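Undergrad: One structure, pasted below without further comment.
The values are calculated or read from the model by the stated rules, or taken from the named source; none is laboratory data. Bear in mind that the values here come from a model prediction, so they are computed numbers and not experimental data. Virtual Cβ from ideal backbone geometry, glycine too; neighbours counted across all protein chains shown. These accessible areas exclude ligands, DNA and RNA; they are computed on the full protein's heavy atoms, side chains included. Shrake-Rupley method; radii C 1.70, N 1.55, O 1.52, S 1.80 Å.
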Amino acid sequence: MHCKRLHFLVFLLVIGFFSLDAQAASILFSDDFESGLGSWSNVSTGDTHNWTRDSGGTSSSYTGPSSGANGSSYYMYMETSSGYAYTAGNSAILESPDIVAEGIQLEFEYHMYGSDIGTLSVDVLSDGTWINDVWSVSGQQQTSYSAAYTVVNIDLSAYAVSRIRFRGTAAGGYRGDMAIDNIEILSTP
């Protein structure tokens, strides 16, 4: 009988530990782009184009999302029509503000539909140096413009993160519009 009670108490302690651990995470930045760029900014050097805030689907057919994530209106996307990031290797960088915290976690949603989809990368500024491709995905990931966004959770606690950036790189062609939405940067000390 005592053994069952002891196991139950251990179970409660473990559940309590994980609950406290989950509650210890605090949101540093949360942006859904419904009322602007939020904390994020396009950079002026190091890329060829900008991310664009948009709603209602991108201007090209057979690429891009039809809306923001979870049916919201706005999202950020890299336009790949002629005159934009159309050529292979063209890129757009969206950068976070300064981060002063430890145990950084990044959560966001992406949409990559189109036969010319390139690569979406996450880079971190750590100890004054950009570390590229701490996370990346290439090629078409969704099967239609109306398909649900993919949710990503990245543990960046191994890095001394002072900034984060999203880097879209074009594969070449107009059916390469990629989008991101619902970005959260969290700290878990």
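Undergrad: Can you find, within the stretch 43-71, the residue that is most open to solvent (accessible area, probe 1.4 Å) among those that are more than 13 Å from His111 (Cβ to Cβ), part of a loop (DSSP other than H, G, I, E, B) and hydroxyl-bearing (Ser, Thr, Tyr)?
TA: Filtering first and then ranking leaves Tyr62.
Undergrad: Could you list, ordered by first residue, the pairs with Cβ atoms under 7 Å in which the first is in the stretch 116-144 and within 14 Å of Arg165 (Cα to Cα) and without any contact (Cβ under 8 Å) to a residue 60 or more places away in the chain and the second is open to solvent by less than 30 Å² (accessible area, probe 1.4 Å) and not in a strand (DSSP E or B), at least 6 apart or interchain?
TA: Between residues of the stretch 116-144 that are within 14 Å of Arg165 (Cα to Cα) and without any contact (Cβ under 8 Å) to a residue 60 or more places away in the chain and residues that are open to solvent by less than 30 Å² (accessible area, probe 1.4 Å) and not in a strand (DSSP E or B), the close pairs are Val124/Leu156; Val134/Leu156.
Undergrad: Test each condition in (1) open to solvent by less than 10 Å² (accessible area, probe 1.4 Å); (2) in a strand (DSSP E or B); (3) not basic (Lys, Arg) for Ile154 and report the one that comes out false.
TA: (1)
Undergrad: Considering only the stretch 77-103, state which residues are buried (at least 16 other Cβ atoms within 10 Å of the Cβ), part of a loop (DSSP other than H, G, I, E, B) and hydrophobic (A, V, I, L, M, F, W, C).
TA: Ala85, Ile99 - these are the residues of the stretch 77-103 that are buried (at least 16 other Cβ atoms within 10 Å of the Cβ), part of a loop (DSSP other than H, G, I, E, B) and hydrophobic (A, V, I, L, M, F, W, C).
Undergrad: Count, please, the residues in the stretch 109-122 that happen to be touching an Asp or Glu at 6+ places or on another chain (Cβ under 7 Å) and part of a strand (DSSP E or B).
TA: Number of matching residues: 2.
Undergrad: Shifting gears a bit: Just the residues that are small (Gly, Ala, Ser), open to solvent by less than 40 Å² (accessible area, probe 1.4 Å) and over 12 Å from the mean Cα position of the chain (by Cα), please, taken from the stretch 104-130.
TA: Gly114, Gly118, Ser126, listed by residue number.
Undergrad: Count, please, the residues in the stretch 160-187 that happen to be assigned to a loop (DSSP other than H, G, I, E, B) and surrounded by fewer than 16 Cβ atoms within 10 Å (Cβ to Cβ).
TA: Here the count works out to 2.
Undergrad: Taking Asp21 as the residue in question, decide whether it is surrounded by fewer than 13 Cβ atoms within 10 Å (Cβ to Cβ), modelled with pLDDT of 95 or more and among the charged types (D, E, K, R).
TA: No: the conditions fail for Asp21.
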